[in-house]
Amino acid sequence: MMRPDWRDPRLWSLLAAAALLASSFLAPRLAVARPGYDALLVVDITGSMNTRDYAAGGRPQSRLDAVKTALRETIAGLPCASRVALGVFAERRPFLLYEPIETCGNFALIGASIDALDWRMGWEGDSHIAAGLYRAIDLAKELHADLLFFTDGQKAPPLPASGGPSFDGAPGETRGLIVGVGGYELSPIPKFNDEGREIGFYGLDDVPHENRHGLPPPGAEQREGYNARNAPFGATMAAGVEHLSSVREPYLRTLAQTTGLAYAHLEGAAALARAYESAATPRRREAMLDLRPVFGASASALLLVAFLATPVLEWSAARRSRNARPERRET
């Protein structure tokens with residue numbers, strides 16, 4: 001019977017790997033206190049979010065797809081004590097898909113729900129950004145969560161001359177981030193038919209370029225066909241660039257200042273995570289620390305060391321054997 005060589009490091013590596021592997025089945029989960037974040041994620045799914053002014057893998061990427069990519073990576077980097085809720089925005093209100101759930105144990109579910117976000121989920125084509133944001137703030141307050149509101153800021157129809165709705169809440173009471181999505185240059189907005197097939201881009205005559213609700217803007221009396229009673233906005237339709245789209249950053253910054261939220265432009269997951277953590281509220285809570293992956297990974301590393309050490313030790317033994325042979329004397 002062959003006796004084990006207790007001086008062989010491979011034997012010790014294998015024994016340690018076996019012990020760690022057994023520990024991976026028996027290791028308890030430890031309760032630890034760690035900081036976490038609670039966030040309500042609200043994503044604008046209106047038509048302008050289909051504008052392709054981002055890029056991924058050398059190909060154009062829509063704003064909505066850029067949001068989904070950044071969100072998945074950002075959530076993956078949150079500590080396991082964090083919880084997120086997901087909602088979508090269209091018309092003038094957000095719609096909550098689910099309430100806050102823990103990120104690590106439910107990451108597959110959260111990732112799948114983010115991947116499934118689509119402009120076809122919208123219930124109306126209008127986009128009243130301020131009204132949707134204010135209602136999202138109220139919803140985040142009910143959920144005791146911070147708010148991440150993703151939008152390009154393009155309002156449809158445009159703001160009236162009198163401005164948008166007033167904010168009735170307390171600025172800064174709900175913390176969070178307005179994330180401006182989209183490029184700074186005007187880009188065409190894809191147009192789809194009733195079957196959801198892309199048929200081109202919106203043209204000048206496809207969208208309203210002026211909001212004619214409420215009072216007319218200053219100087220309207222100088223317009224052609226102006227009549228104070230019958231045509232206070234003039235007799236001709238206004239023309240503008242509402243059929244094209246870019247991130248409406250000045251407008252979004254104004255909303256951020258009004259509500260006390262922070263503002264950041266979507267540049268990628270890393271920048272988004274930094275901006276959110278600086279604007280969010282860390283919450284210390286108990287979380288379970290699972291040691292089994294640590295023991296399992298350590299066992300795998302030791303098995304790899306033992307496997308790689310075999311040719312090295314064989315080469316070293318062969319070299320010592322050659323050096324130990326007596327040299328032949330020449331006669």
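Miscellaneous remarks
- Any hit, segment 69-84, residues being without any contact (Cβ under 8 Å) to a residue 40 or more places away in the chain and farther than 20 Å from residue 269 by Cβ: no
- For residue 180, the stated conditions hold: it is among the small types (Gly, Ala, Ser), open to solvent by less than 40 Å² (accessible area, probe 1.4 Å) and modelled with pLDDT of 95 or more.
- Test: residue in segment 185-204 that is open to solvent by 60 Å² or more (accessible area, probe 1.4 Å), closer than 16 Å to residue 256 by Cβ, within 29 Å of the chain's Cα centre (by Cα) and modelled with pLDDT of 80 or more: no
- Test: residue 253 is in contact with a helix residue (DSSP H, G or I) (Cβ under 9 Å, 6 or more places away or on another chain), modelled with pLDDT of 85 or more and either exposed (fewer than 14 other Cβ atoms within 10 Å of the Cβ) or within 30 Å of residue 100 (Cβ to Cβ) (or both): no
- If you go through segment 23-45 and keep only what is in a helix (DSSP H, G or I) and either open to solvent by 50 Å² or more (accessible area, probe 1.4 Å) or modelled with pLDDT of 90 or more (or both), you end up with 25, 26.
- Lone qualifier among 162, 166 - being in a loop (DSSP other than H, G, I, E, B) and exposed (fewer than 11 other Cβ atoms within 10 Å of the Cβ): 166
The values are calculated or read from the model by the stated rules, or taken from the named source; none is laboratory data. The structure presented is a predicted model; accordingly, all values stated were derived computationally and were not measured. Here Cβ is always computed from backbone atoms with ideal geometry, including for glycine, and neighbour counts include all displayed protein chains. When the accessible area is computed, the model is the full protein with side chains, heavy atoms only, and any ligands, DNA or RNA have been set aside. Shrake-Rupley method; radii C 1.70, N 1.55, O 1.52, S 1.80 Å.
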